[in-house]
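Structure record follows, encoded as structure tokens.
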Amino acid sequence: MRTFIERTGERTLGAIEELGYAFSLCIESLYWLLAGPFLQQPVRLSAVVAEMMKIGVLAVPVVLLLAFANGAMMAIQGLATLREFGAESQVVAGIAYSVTREFGVLIAAIVVAGRSGSAIAARIGSMQMSQEVDALRVMGVEPVRHLVAPILLAMLIMMPVLTMFANAAAIIGGGIYTSMTLSMPLAVFIEQCFDVLDWSDLAQGLYKALVFGTLIALIACANGFSVSGGAEGLGRFTTRSVVLSIAAIVVADMIFTYFLNR
Amino acid sequence: MPQAATVTASATPYAIEVEDLVSYYDSRRILDEVSLRVRPGEIMVVMGGSGSGKSTLLRHLLGLNRPAAGRVSLFGADISQASARELYQLRRRMGVSFQNGALFNSMTVEENVAFPLREHTRLDERTIRIMARMKLEVVNLAGFERLMPAQLSGGMIKRAALARALVMDPSLLFFDEPSAGLDPVVSADLDELILRLRDALRVTILVVTHELDSAFRIADRITVLDQGRILITGTVEEVRNSPSERVQNLLNRRSEEIDVDPEEYLRRLTD
């Protein structure tokens, strides 16, 4: 019978091993992105563009919808709360700060983790199961260069773009509700947003977008390469990829928010 | 045409050399001091039942597994000691036809065959397409270029995988269970194709299979693996006439009696 301590030890070692593996994927991807062209083994631009399409462009509608709804909800809650203090006009600053620093990037990251993180883990996992990854290796094509590096680069480009879309949609969503409730024209709401916002507020969201994009890409790829145990294993690792990505995003967000707003 | 790669290699008359190869899966010994030599232009068939270690041996030959002990050399270069660059160059001289084809499901048949050329050469698109179609002609798949792997039959997938394996004009070809899952007629066609390729291209071929008919049809020499050990390596006749009971059991498809210690068996059940 295995003791609790043995099981905990095994799981801890497993987690450390997985962390190390994800880190090595990151370093190897950066190596291929930078050194690949000099070794006549470049990361294909067409693969990066294809990933940008899947990760970014196709996610735009759902990101816009969720961010718009989130912005409107923040306006509803904000106005209801601030009304008690007679400070309804402060809702503009509240929405502008929380969207650009926090919720725009969070919505974009959660959508990408759910949509693309699962798709990436499933795609690499099924390639692993059908020996396509082995086929790449024996053809002299490094799987990290061919599969991971384009995903990582596309994520680093598209996450900030999606974050900016989410910021805009959330502010418009909040603005429409506020303008209807406070009889304030939408243009005035947006103008006031620009007045209160600083570049550093936008930058805060964009830094986070880069970190969250990296986390989603590495967690999804690491889980995809780890798939074993047939169809059941593929489902398990795909689910695990999404759960771990969202958990990592929320924890990283908390750490970021603490250090960036002290 | 793709350029032949140069790899630091010692002079050797063998295309493949395996010396005292030992491999483990967790604590289980899968290969036990396996030694094997394949001459250039030869068709070597590695035969054995399920769990004999033949797939693990193939993974070592492809450089996908690291040996616990022993040495695997291709064209005189030790692949377990090779640098990433040397391994890259060696792999450009190898073609592999996997058991289930391992075609890239997101690409058409032609894109699959053209993939190694796009990765390793600077040929223009038109030349790449012509070369890919030539290889598809060789394996009798002309006209199927635009189909996706999911639209092909089992035999067609194996032939498309073979076309991809051939496209860089390799010196060494590996087949993993070429007949598995195919009906006898398609399987015999594939065997004929393997023989034709060897004769036309003088390529060294190593086939891993458990199909006796196929093995006897194509092999110059056969190695019989059993429980991680080589029972015999020899010509088809030598293997057929082997006095070894285990070899004869395998050839006559007789299951082996496994000695069971009753006490050990009881302990396993109740532990």
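The values are calculated or read from the model by the stated rules, or taken from the named source; none is laboratory data. Keep in mind it's a predicted model, so treat the numbers as computed, not measured. In this analysis, Cβ positions are derived from the backbone assuming ideal geometry, glycine residues included, and neighbour counts consider all displayed protein chains.
Data overview
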quantity: Residue within the stretch A:54-73 that is within 13 Å of chain B (Cβ to nearest Cβ) and either at pLDDT below 95 or more than 21 Å from B:Pro116 (Cα to Cα) (or both) present; calculated: yes
quantity: Meets criteria (closer than 25 Å to B:Arg202 by Cβ, surrounded by 17 or more Cβ atoms within 10 Å (Cβ to Cβ), within 12 Å of chain A (Cβ to nearest Cβ) and free of Cβ contacts under 8 Å to residues at least 24 places away in the same chain) for B:Ile128; calculated: no
quantity: Scope the stretch B:136-152; condition within 14 Å of chain A (Cβ to nearest Cβ) and assigned to a helix (DSSP H, G or I); matching residues; calculated: B:Pro149, B:Ala150
quantity: Which listed residue, of A:Ala35, A:Ala80, A:Ala93, A:Ala135, is touching a helix residue (DSSP H, G or I) at 6+ places or on another chain (Cβ under 9 Å) and either surrounded by fewer than 18 Cβ atoms within 10 Å (Cβ to Cβ) or touching a residue at least 12 places away in the same chain (Cβ under 8 Å) (or both); calculated: A:Ala93
quantity: Residue match in the stretch A:249-261 (condition: closer than 30 Å to A:Gly125 by Cβ, among the polar types (S, T, N, Q) and part of a helix (DSSP H, G or I)); calculated: no
quantity: Within the stretch B:23-82, strands (runs of 3 or more DSSP E) holding 2 or more residues that are within 14 Å of another protein chain (Cβ to nearest Cβ) and either more than 23 Å from A:Gln131 (Cα to Cα) or modelled with pLDDT of 90 or more (or both); calculated: B:69-74
quantity: Of all residues in the stretch B:85-119 being within 10 Å of chain A (Cβ to nearest Cβ), part of a helix (DSSP H, G or I) and more than 22 Å from the chain's Cα centre (by Cα), the one that is surrounded by the fewest Cβ atoms within 10 Å (Cβ to Cβ); calculated: B:Arg85
quantity: Segments classed as helices (runs of 4 or more DSSP H), wholly inside the stretch B:180-271, with at least 1 members that are more than 23 Å from B:Ser35 (Cβ to Cβ) and touching a helix residue (DSSP H, G or I) at 6+ places or on another chain (Cβ under 6 Å); calculated: B:184-201, B:212-218
quantity: Helices (runs of 4 or more DSSP H) completely within the stretch A:131-238 that count 2 or more residues being more than 14 Å from every other protein chain (Cβ to nearest Cβ) and closer than 30 Å to B:Thr56 by Cα; calculated: A:199-225
quantity: Filter result (among the charged types (D, E, K, R) and more than 13 Å from A:Thr178 (Cβ to Cβ)) within the stretch A:64-88; calculated: A:Glu84
quantity: Single condition B:Tyr14 does not satisfy, out of (1) modelled with pLDDT under 90; (2) assigned to a loop (DSSP other than H, G, I, E, B); (3) buried (at least 18 other Cβ atoms within 10 Å of the Cβ); calculated: (3)
quantity: Residue within the stretch A:63-72 that is closer than 30 Å to B:Ala102 by Cα and either in contact with a helix residue (DSSP H, G or I) (Cβ under 6 Å, 6 or more places away or on another chain) or crowded, with 18+ Cβ neighbours inside 10 Å (or both) present; calculated: no
